[in-house]
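The values are calculated or read from the model by the stated rules, or taken from the named source; none is laboratory data. This one's a predicted model, so the numbers in the text were calculated from it and none came from an experiment. Note: ideal-geometry Cβ built from the backbone for every residue, glycine included; neighbour counts use all protein chains shown.
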Amino acid sequence: MERKLSLEAQWTVSSSRHKNGIENAYLDTDNQETYWASDSSGEHFITVEFPRLVLLQRAEMLFNYEKDESYTPQKIQFQVGSTEDDLQDLFLFDVEEHTMFTDPLEGPNGWCKIRFPPKMVGVFVLRFVIKRNFLDGRDTRIRGIKLF
């Protein structure tokens with residue numbers, strides 16, 4: 001039986017817009033009207049710190065390209081470590097390559113399941129680094145994040 005681990009962690013972000021903090025993405029996961037929105041130039045990231053070692057199988061992220069367009073993440077670097085100071089790249093996830101689109105011009109809509117290689121990874125700290133958005137957008141939006 002899998003367990004949702006999102007609520008067991010402390011979440012921080014590189015930046016956020018007023019009323020669009022990270023809690024919108026991991027607490028209110030099924031509300032597509034709320035989201036985390038970054039508010040700065042450069043790479044954006046979400047850091048998730050667990051109080052103990054946890055085994056993660058996958059992340060699920062909610063995207064709505066129809067509403068967000070250039071704010072939608074396209075390439076996400078996953079990093080793991082014992083602390084923020086020793087994070088190492090785990091893998092680069094390309095949303096466009098791993099999401100089934102009915103129309104390539106529409107972009108990702110709905111929940112995207114992202115499996116961690118190998119089948120599970122033990123972490124104290126997980127970081128999502130947004131490397132690129134669709135249409136080369138500057139800021140980013142994520143409407144939901146679940147960790148299992």
Among the residues of the stretch 84-93, is there at least one that is at pLDDT below 95, under 19 Å from residue 15 (Cα atoms) and among the acidic types (Asp, Glu)? no
Count - residues of the stretch 34-65 that are under 12 Å from the mean Cα position of the chain (by Cα) and among the aromatic types (Phe, Trp, Tyr): 4
Please tell me if residue 133 is touching a residue at least 40 places away in the same chain (Cβ under 8 Å) and in contact with a Pro (Cβ under 8 Å, 6 or more places away or on another chain). yes
Return the pairs, sorted by first residue and then second, in which the second residue is surrounded by 12 or more Cβ atoms within 10 Å (Cβ to Cβ), the first residue lies in the stretch 78-95 and is among the hydroxyl-bearing types (Ser, Thr, Tyr), the beta carbons are less than 8 Å apart, and the residues are 6+ apart or on different chains. 82/124; 82/125; 83/124; 83/125
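Here is a yes/no grid of residues against (1) more than 23 Å from residue 120 (Cα to Cα); (2) surrounded by fewer than 17 Cβ atoms within 10 Å (Cβ to Cβ); (3) of a type in the set (Asp, Glu):
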position	(1), (2), (3)
63	yes, no, no
66	yes, yes, yes
72	yes, no, no
82	no, yes, no
89	no, yes, yes
92	no, yes, no
Can we say residue 12 is among the β-branched types (Val, Ile, Thr), loosely packed, with under 15 Cβ neighbours inside 10 Å and over 13 Å from the mean Cα position of the chain (by Cα)? no
Could you go through the stretch 21-30 and let me know if any residue there is under 17 Å from residue 113 (Cβ atoms) and either touching a helix residue (DSSP H, G or I) at 6+ places or on another chain (Cβ under 6 Å) or surrounded by fewer than 15 Cβ atoms within 10 Å (Cβ to Cβ) (or both). yes
Residue selected from the stretch 31-58 under the condition in contact with a helix residue (DSSP H, G or I) (Cβ under 8 Å, 6 or more places away or on another chain) and among the aromatic types (Phe, Trp, Tyr), by the criterion farthest from residue 126 (Cα to Cα): 35
